[in-house]
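Engineer: First, the structure itself, so that you have it in front of you.
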Amino acid sequence: MPILIDGKIVSTQIKNELKQKTESLFQDKGIIPGLALMLVGDDPASKIYVSSKEKACAEIGFKSIVKRVPADTPESDVLKQIDEWNQDSSIHGILVQAPLPKHIDSNKVIMRIRPDKDVDGFHPENMGRLVIGLPGFLSCTPAGIMELLKRYEIDTQGKHTVVLGRSNIVGKPIANLLYQKNKYANSIVTICHTGTKDFAYYTKQADILIAAMGVPELIKAEHVKEGVVIIDVGINRVEDPSNPKGYRLTGDVDFNSVYEKAQAITPVPGGVGPMTIAMLLQNTYFSAAGLVKF
Ligand code: GUN
């Protein structure tokens with residue numbers, strides 16, 4: 001039976017720890033961490049994510065501001081709002097929910113956020129810091145994966161980690177984190193992507209497999225070796241007439257198929273997903289407490 005890597009339990013622990021630290025920060029320095037969130041348009045999944053982030057802030061005693069604007073909001077208005085938050089000393093973290101409507105250049109938006117308030121870790125300065133191993137904000141999903149590997153004492157030293165997907169949000173940063181020379185990384189990393197002709201050739205060699213390509217249940221037992229550690233980043237909606245909602249959430253890995261072969265595995269939902277919000281809160285706390293030195 002594999003170990004179930006439970007992101008719900010770990011994220012709850014982290015949030016409880018943060019709640020206490022937030023109280024102390026207020027008592028010691030009179031600072032309340034402030035997170036500003038922007039949602040452009042009405043993408044159903046993004047609406048849910050932003051509301052969850054807002055709720056999580058309230059639960060641990062953060063201040064949050066949510067600006068919800070229509071999909072046809074001009075890019076210049078979005079940039080102007082970011083400029084205001086950049087200057088507001090009660091705001092320690094700024095997040096503009098992706099994806100953005102086509103007429104808005106998401107790179108421009110990301111680059112407008114002050115790197116020391118970029119709690120998403122998407123700004124090139126933070127990405128660059130991650131690559132060369134300097135302090136900065138780590139993007140939340142990769143940070144959540146690293147935290148799970150650490151807390152479940154998964155040995156990454158000298159192991160072959162195969163990352164499926166090369167997105168800026170997950171694939172690129174997690175691959176870079178896992179080959180850094182430190183106790184919790186030092187892996188040999190392979191990145192597979194849409195240009196990979198025979199992905200199974202690589203996945204069958206993986207000691208640790210990180211699936212973040214956004215294809216529901218692609219990875220099956222025949223693609224992995226015995227004893228693999230599987231981190232499933234996928235959150236896909238698939239039709240399911242037997243479910244009252246008409247759909248169910250599933251990962252990029254066919255959980256039931258790989259289960260017997262895995263040494264440890266994250267479920268979907270309840271694995272990596274809850275960690276992402278916990279890491280966003282942690283980054284915002286770090287920013288408010290001045291714990292990330294630029
Ligand atoms: N869309 C999906 N995930 C994320 C995230 O972590 N941050 C932002 N800003 N948008 C997202």
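The values are calculated or read from the model by the stated rules, or taken from the named source; none is laboratory data. Because the structure is predicted, anything quoted here is derived from the model rather than measured. Here Cβ is always computed from backbone atoms with ideal geometry, including for glycine, and neighbour counts include all displayed protein chains. The accessibility values were calculated without ligands, DNA or RNA, using every heavy atom of the protein model including side chains. Shrake-Rupley method; radii C 1.70, N 1.55, O 1.52, S 1.80 Å.
Engineer: Across segment 192-239, which residue is surrounded by the fewest Cβ atoms within 10 Å (Cβ to Cβ) among those that are among the acidic types (Asp, Glu) and touching a Ser or Thr at 6+ places or on another chain (Cβ under 9 Å)?
Structural biologist: Result: Glu222.
Engineer: All but one of (1) open to solvent by 50 Å² or more (accessible area, probe 1.4 Å); (2) of a type in the set (A, V, I, L, M, F, W, C); (3) assigned to a strand (DSSP E or B) hold for Leu39; which doesn't?
Structural biologist: (1)
Engineer: Report yes if some residue within segment 66-75 is in a helix (DSSP H, G or I) and either out of contact with any strand residue (DSSP E or B) (no Cβ under 9 Å at 6 or more places or on another chain) or open to solvent by 50 Å² or more (accessible area, probe 1.4 Å) (or both); otherwise report no.
Structural biologist: yes
Engineer: For Gly34, work out the one condition from (1) within 15 Å of the ligand (Cβ to nearest atom); (2) touching a strand residue (DSSP E or B) at 6+ places or on another chain (Cβ under 8 Å) it doesn't fulfil.
Structural biologist: Among (1) within 15 Å of the ligand (Cβ to nearest atom); (2) touching a strand residue (DSSP E or B) at 6+ places or on another chain (Cβ under 8 Å), Gly34 violates only (1).
Engineer: Can we say Gly93 is open to solvent by less than 70 Å² (accessible area, probe 1.4 Å) and more than 12 Å from the ligand (Cβ to nearest atom)?
Structural biologist: On the way: open to solvent by less than 70 Å² (accessible area, probe 1.4 Å): yes; more than 12 Å from the ligand (Cβ to nearest atom): no.
Considered against the rule, which asks whether it is open to solvent by less than 70 Å² (accessible area, probe 1.4 Å) and more than 12 Å from the ligand (Cβ to nearest atom), Gly93 comes out as no.
Engineer: Separate question: Only residues that are touching a Pro at 6+ places or on another chain (Cβ under 8 Å) and either closer than 18 Å to Thr141 by Cβ or of a type in the set (Val, Ile, Thr) (or both): list them for segment 13-40, please.
Structural biologist: Residues satisfying the conditions are Thr22, Val40.
Engineer: Of the conditions (1) more than 23 Å from Ile210 (Cα to Cα); (2) surrounded by 19 or more Cβ atoms within 10 Å (Cβ to Cβ); (3) near the ligand (Cβ under 10 Å from one of its atoms), Lys117 clears all except one; give me its number.
Structural biologist: Evaluating Lys117 over (1) more than 23 Å from Ile210 (Cα to Cα); (2) surrounded by 19 or more Cβ atoms within 10 Å (Cβ to Cβ); (3) near the ligand (Cβ under 10 Å from one of its atoms) leaves (3) as the failure.
Engineer: Could you please find all residues in segment 21-36 being assigned to a strand (DSSP E or B) and of a type in the set (D, E, K, R)? Let's see the steps before the verdict.
Structural biologist: Just the residues of segment 21-36 that are assigned to a strand (DSSP E or B), to begin with: 34-36.
None - no residue of segment 21-36 is assigned to a strand (DSSP E or B) and of a type in the set (D, E, K, R), so the list stays empty.
Engineer: Among (1) at pLDDT 95 or above; (2) over 23 Å from Asp88 (Cα atoms); (3) open to solvent by 70 Å² or more (accessible area, probe 1.4 Å); (4) more than 19 Å from the chain's Cα centre (by Cα), which single condition is Gln13 missing?
Structural biologist: For Gln13, the failing item is (4).
Engineer: Among the candidates Lys172, Lys159, which residue alone is touching a strand residue (DSSP E or B) at 6+ places or on another chain (Cβ under 9 Å), within 16 Å of the ligand (Cβ to nearest atom) and among the charged types (D, E, K, R)?
Structural biologist: On the way: Lys159 fails: within 16 Å of the ligand (Cβ to nearest atom).
Sole residue among the options that is touching a strand residue (DSSP E or B) at 6+ places or on another chain (Cβ under 9 Å), within 16 Å of the ligand (Cβ to nearest atom) and among the charged types (D, E, K, R): Lys172.
Engineer: Filter segment 42-59 down to the residues that are open to solvent by 10 Å² or more (accessible area, probe 1.4 Å) and more than 14 Å from the ligand (Cβ to nearest atom) and list them by number.
Structural biologist: Once the filter is applied, which keeps residues that are open to solvent by 10 Å² or more (accessible area, probe 1.4 Å) and more than 14 Å from the ligand (Cβ to nearest atom), segment 42-59 yields Asp42, Lys55, Ala58, Glu59.
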